[in-house]
Amino acid sequence: MTGAYRLSRRLLDIAVAGSDEYSLASVAWPDMCALRDETNLTVQLGIITTDGRGLIIESVASRNPIRYVEEKGVWTKDLNTGAGWKSILAFLPKEESSRLVGALPFHRFTANTITSRKELEKALADVRKHGYAVDRAEGREGLHCVAAPIFDRTGRVIGTIGVSAPSGQLPERDFKRRAASTVVVASAISAKLGWNNNISNQRKEYDDEVP
């Protein structure tokens, strides 16, 4: 006997059953803190609820004296704004994503807000191409965000993790660098949930949209 044990697939399913907001937040917390410490930006964890709301389920605030902070429990129906919601919508099953996008009111909040389905679908195709989403002050003036999707063992997108900050602390020239760190952390959280780290499966339904 080696004393070593390995979870069967059935036990793994039980361990991460449902991946609800509480278990996801618990699994993601150490990685969220590590990402905050690396970037000194506010880190947020979010989900899209069954009734189509984007919900912040956990947040780790930047230590910058001037920082963006949004407490957990904040929600929105405006899924066309915010990198996190786009990173989820991009990898949901095509029919489900289409239903959610079709129900959006497309309110305008800033000059950069995405205000049409066509524009949003193009942005979602870019998310699938690059594996992360960005927010160029689309929901709030002067607020930037970079986010990546989180997947469960079955390959279903279940959440998003992102870094947010005033544009002076997260300028567009830093998007790619911060996205690299965010994608690594999102993949680490997904791996803890049993994901095989193969994003190609999530892209298959959209192959005709990805160059």
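Just so it is clear, none of the values below were taken in a lab; they were calculated from the coordinates. Keep in mind it's a predicted model, so treat the numbers as computed, not measured. Quick reminder, even Gly has a Cβ in these numbers, built from the backbone with ideal geometry, and neighbours come from all protein chains shown.
For region 130-191, I need the span (max minus min coordinate) of the C-alpha atoms along each principal axis, in Å, sorted largest to smallest.
37, 21, 16
With 19 Å as the limit, write out which pairs from Lys118/Lys176; Lys94/Lys118; Lys86/Lys118 have Cα-Cα distances beyond it, or answer none.
Beyond 19 Å: Lys118/Lys176.
Which far-off residues, 5 or more places away or on another chain, put their amide H under 5 Å from the one on Cys145, with H placed in the peptide plane?
Asp135, Ala137
Just subtract the alpha-carbon distance of Arg177 and Asn64 from 0.36 nm times their residue separation and send over the number in nm, one decimal.
38.8 nm
Give me the dipole magnitude in Debye, nearest 20, for region 17-206 about the Cα centre, with unit charges on the beta carbon: positive for Lys and Arg, negative for Asp and Glu.
Dipole of region 17-206, to the nearest 20 debye: 480 debye.
Per-residue HN-Hα couplings for region 38-53, Karplus 6.51 cos²θ - 1.76 cosθ + 1.60 at θ = phi - 60°, whole Hz, x for Gly and Pro?
Once θ is set to phi - 60°, the couplings for region 38-53 become 5, 9, 6, 10, 5, 10, 10, 10, x, 9, 9, 6, 5, 9, x, 9 Hz.
Once the other residues with Cβ under 11 Å from the Cβ of Leu41 are scored (Lys, Arg +1; Asp, Glu -1), what is the net sum?
So the surrounding residues net to +1.
In which sequence would Ile66, Ile57, Ile150 go, from the one with the fewest C-beta neighbours within 10 Å to the one with the most?
Taking fewest neighbouring Cβ atoms as first place, the list is Ile66, Ile57, Ile150.
What is the distance in Å between the Cα centres of region 99-116 and region 61-82?
Spelled out, the Cα-based centre of one part sits 18 Å from the other.
Rounded, prolate or oblate, given the Cα gyration tensor of region 17-206, with a/c below 1.5 counting as rounded?
rounded
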